[in-house]
1. Whether any residue in the range 108-120 is over 27 Å from the mean Cα position of the chain (by Cα), of a type in the set (Asp, Glu) and at pLDDT 85 or above is what I want to check.
2. Which pairs have Cβ atoms under 9 Å, sit 6 or more apart or on different chains, and link a residue in the range 411-425 that is in contact (Cβ under 8 Å) with a residue 24 or more places away in the chain and open to solvent by 60 Å² or more (accessible area, probe 1.4 Å) to one that is of a type in the set (Phe, Trp, Tyr) and assigned to a helix (DSSP H, G or I)?
3. For residue 57, work out the one condition from (1) open to solvent by 20 Å² or more (accessible area, probe 1.4 Å); (2) more than 17 Å from residue 339 (Cα to Cα); (3) at pLDDT below 90 it doesn't fulfil.
4. Taking residue 195 as the residue in question, decide whether it is at pLDDT 85 or above and in contact with a Phe, Trp or Tyr (Cβ under 6 Å, 6 or more places away or on another chain).
5. Run down 67, 62, 37 and say which single residue is aliphatic (A, V, I, L, M), in a helix (DSSP H, G or I) and over 25 Å from the mean Cα position of the chain (by Cα).
6. How many of the residues making up the range 82-103 are open to solvent by less than 10 Å² (accessible area, probe 1.4 Å), at pLDDT below 85 and either outside any helix (DSSP H, G or I) or not small (Gly, Ala, Ser) (or both)?
7. Go over the candidates 379, 406 one by one and state the one that is touching a residue at least 40 places away in the same chain (Cβ under 8 Å) and open to solvent by less than 10 Å² (accessible area, probe 1.4 Å).
Amino acid sequence: MAAPAPPLAARHRWSWSALVDTPAGLGVAAVVVGVGAGAGAVVFRYLIYGVTLLATGQQDYAATPGAPWRWWPAIGPWFLLVVPVVGGLLYGPLVYRWAREARGHGVPEVMLAVAEHDGRIRPRVAVVKSLASALCIGTGGSVGREGPIVQIGSALGSSLGRWMRVPASRLRLLVACGAAGGISATFNAPIAGVFFALEIILLDFSLLSFLVVVTASAVANAVAQAVEGAGTFLVLPPFRVGSPWEYGLYAVVGLVGGLVGIAFTRTLYGAEDLADHLWRGPEWLRPAVGGVLLGLLLIVLPQMYGVGYPVLQGGVAGAYAFGFLLVLLVGKLVATSLTLAIGGSGGIFAPSLFLGAMAGTALGDAFGLVGGGPAGAYGLVGMAAVLAGATRAPITAVVIVAEITGEWDLIVPLMIAVVLATVVSRALSSETIYTLKLTRRGIHLHPPGTPRWSRRTAGEAAAPASGLDGTGRSLGTLRWSPVLAADRPLGAAADDLAAHAGPDGGLPVLSADRRRVVGVLRPDDLVARRNDVEPDHDEDPPCVVELPLTPTEWTPPAGFTLMESPADGPRMLLGPHSGLERLADSLPRPDQKP
């Protein structure tokens, strides 16, 4: 009797999986993801407009800051105290109950899904993130919509790929397609969408990845333009370099932008730490209670309401005096950090651009005293500099600012500033604003495809070191040099071990504060981790010893064997740690003749 045919849906998924294994089939899937990401970006934008309209009576309250409440003008600005609280009461329980990964700015979760989970993102994330971020931004949250749409588009790509049962390598590509499509449709910046996906999400610039992501980005952009029309995202007067000496001033903007990017990162996570320390109630209620503080800030500075692109554009166009630019800079730094610290849902992309615009334009006002040209040009360059300083994605930063403004005449100043901002950021911090969120949770990202054993850290694999008490303080003298940091990836630690192994074949591993020894990493620990088993740290671990000059007829004691080594290299001996004293006694003394 013939076996029953598989269900129709299963046969379709099998056919799709086989199709996506071909370049043409992958291109078709990229088109589908691009359509979904483009449509998702449009729907998400109108969701924000709708919530803002209901909450304030304005489609974008930042365009008319301080306007009375349309539904009850007599209440004055005090409605701003209530609106964030109501918003928090809506999106707080939504995120807590249905998709807690929708909290925050979204991009780190996509990076984690691609690097560690082969691109698997729960389908519900797209829906929950759309609603939660629209509620947060529409009720005053001072965050961006780009991070959410990246997570939304990526969730759509992941859902499609998992339905088609594509292999992990293809699933990661479809997630990147969703991210590229989201940026492309949101900013009307198809080139920047491509580089964002390759530089931040996928960490892969192969030809296949490039072609597929380009396809999705272009399709998403076409979908968004069909609904909202073409044109640059920001409308600014044309800027250009007036004289060669201005390049030096743009370099200063780059240096300051890198510092502002680092300040933004540290302020953001410092605010989260403070909120975590102070809050003792249920997590779902935290956005509503914190909304009181956000409302007070909005009463004082209503320009911080929502994404704030009208204020950004006004700042670069010269609508604000020097002092107020600095007020807006500090206000945005506080407002965005507060929004995310209380559990809000939104991105840090737009706030980074906002901070850069205010800082750069303020510098431009100062440079104008010495004939430095229009201040807005420095504000535009500052946008890219702060974005690069925070995200450390220099290609994306240069391209996206040029695309959203159409100011391609400033491409060289943009490049100069972004390079310097990236250098400053890297010199002051080993993490970006995205990776730090994961590192604080003990997660260290690795490029997709990295062997899982090498994703562990030296601290995880190290064996307890003899001669240490329970706190890691030395009871004797450790003679090894150099040392390993506890968070050193095992792949890099293996190279260090091969080049600098200590007298017992290992290297000491120090805690993050470098104040105590947490253990010793030896070759057997690496082998055990490579085989995905826990090393057997017994009382008598093996060790490798470098021999001094010894007579060729000298015989090692029992338990020790000579290891193979280059003819001109040192002689190495493998044996038990407990036999080191016995080995030392058997070695000929310097004055002993062969």
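1. No; the residues of the range 108-120 include none that is over 27 Å from the mean Cα position of the chain (by Cα), of a type in the set (Asp, Glu) and at pLDDT 85 or above.
2. 412/247; 412/250
3. (1)
4. The answer is no for residue 195.
5. Just one listed residue meets the conditions, 62.
6. The number of residues fulfilling the criteria is 1.
7. After applying the criteria, what remains is 379.
This table checks each residue for (1) open to solvent by less than 50 Å² (accessible area, probe 1.4 Å); (2) of a type in the set (S, T, N, Q); (3) over 26 Å from residue 418 (Cβ atoms).
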site: 217; (1), (2), (3): yes, yes, no
site: 238; (1), (2), (3): no, no, no
site: 242; (1), (2), (3): no, no, no
site: 257; (1), (2), (3): yes, no, no
site: 269; (1), (2), (3): yes, no, no
site: 274; (1), (2), (3): no, no, yes
site: 278; (1), (2), (3): no, no, yes
site: 281; (1), (2), (3): yes, no, yes
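The values are calculated or read from the model by the stated rules, or taken from the named source; none is laboratory data. Keep in mind that this is a model prediction, so the values were computed, not measured. Here Cβ is always computed from backbone atoms with ideal geometry, including for glycine, and neighbour counts include all displayed protein chains. Protein only, heavy atoms only, side chains kept; ligands, DNA and RNA dropped before computing areas. Shrake-Rupley method; radii C 1.70, N 1.55, O 1.52, S 1.80 Å.
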